[in-house]
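Readers should treat all values here as calculations from the given coordinates under stated rules, not as data from a laboratory. Computed from a predicted model, the values in this text were never measured in an experiment. Quick reminder, even Gly has a Cβ in these numbers, built from the backbone with ideal geometry, and neighbours come from all protein chains shown.
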Amino acid sequence: MTINNPNKVYFTSDTHFYHDNIIKYCNRPFSSVEEMNDRIIENWNDKVSKDSIIFHLGDFAFCNERQLAELVPQLMGTIILIKGNHDSKNNKFLESIFTEVYSQLYITIEKQSIYLNHFPLLCFPRRAWNLFGHVHSKPGISNIDTSKLKYCTSTQYDVGMDLNNYTPISFYEVKDKIKTQISNNSNITMWL
């Protein structure tokens with residue numbers, strides 16, 4: 001899939017809407033699932049416009065079909081879902097809610113090849129980028145439990161909510177982050 005308007009492209013992952021336990025598991029700064037849902041929706045809609053494309057790289061929500069059907073129309077942009085390990089239920093329903101649903105996807109933006117997958121990939125072409133979620137990276141490297149480190153190359157980036165201030169990240173923001181990782185000669189980058 002080739003994307004012709006990079007100014008309107010965003011990425012995110014691991015919103016985990018309605019998932020009470022994710023607040024505790026990932027130490028998210030919310031007192032309730034309602035507060036988390038509201039903040040993520042607000043951050044999303046402050047950044048993403050109605051005519052944008054947003055690639056959601058999995059683990060969208062932990063809720064029933066009615067809640068999901070009410071939630072998705074509240075979010076700006078055309079959502080393309082790359083299924084995560086918690087999105088495997090009821091594929092027919094997911095396909096009726098989201099514009100497109102994939103297990104993984106290869107896209108091109110400004111001649112840059114990008115592999116989208118819920119999980120960080122071990123093998124992908126050298127000049128491509130791999131955007132992913134799943135690992136719930138955190139900003140900074142203080143207080144890291146080294147048993148949980150994930151090792152990635154400098155052309156991989158976790159677009160998940162936990163690393164990106166609970167806000168989708170634009171194509172150009174990703175481009176800058178990867179350019180910085182490459183220029184810092186980060187052959188191996190560690191994420192929690």
Proximal aspartates and glutamates relative to LYS24, as straight alpha-carbon distance under 12 Å, when same-chain residues fewer than 8 apart are discounted: none
Karplus 3J(HN,Hα) series, Hz, for segment 6-11 with 6.51 cos²θ - 1.76 cosθ + 1.60 (x for Gly, Pro): x, 5, 10, 10, 9, 9
Gyration tensor (alpha-carbon) shape descriptor, the chain, a/c threshold 1.5: oblate
Most fluctuating residue given options ASP162, ASP38, ASP87, as computed from a GNM of the chain linking Cα atoms under 10 Å: ASP38
Candidates THR153, THR167, THR12: whichever shows maximal mean-square fluctuation once the chain is modelled as a Gaussian network with Cα springs under 10 Å: THR153
Most positive-pole-ward Cα, PHE119, SER183, THR2, against dipole of segment 2-191 from beta carbon charges: SER183
Fewest-first sequence of VAL159, VAL174 by Cβ atoms within 10 Å of each Cβ: VAL174, VAL159
For segment 50-61, Karplus couplings with θ = phi - 60° (6.51, -1.76, 1.60), whole Hz, Gly/Pro x: 4, 9, 8, 10, 10, 8, 9, 8, x, 6, 5, 7
Label-point gap, in nm, between GLU42 and ASN184 - each point 7 angstrom along Cα→Cβ: 3.0 nm
Kirkwood-based Rg to Rh ratio, segment 9-81, C-alpha trace: 0.95
For the chain, share of DSSP beta bridges that run antiparallel, in % to the nearest 5: 35 percent
Candidates ASN130, ASN117, ASN37, ranked by Gaussian network fluctuation over the chain, Cα under 10 Å, top entry: ASN37
Under 5 Å, built H, 5+ apart or other chain: amide partners of HIS134: ASP14
Local electrostatic count at ARG39 - Lys and Arg +1, Asp and Glu -1, tallied over other residues with Cβ under 12 Å: -4
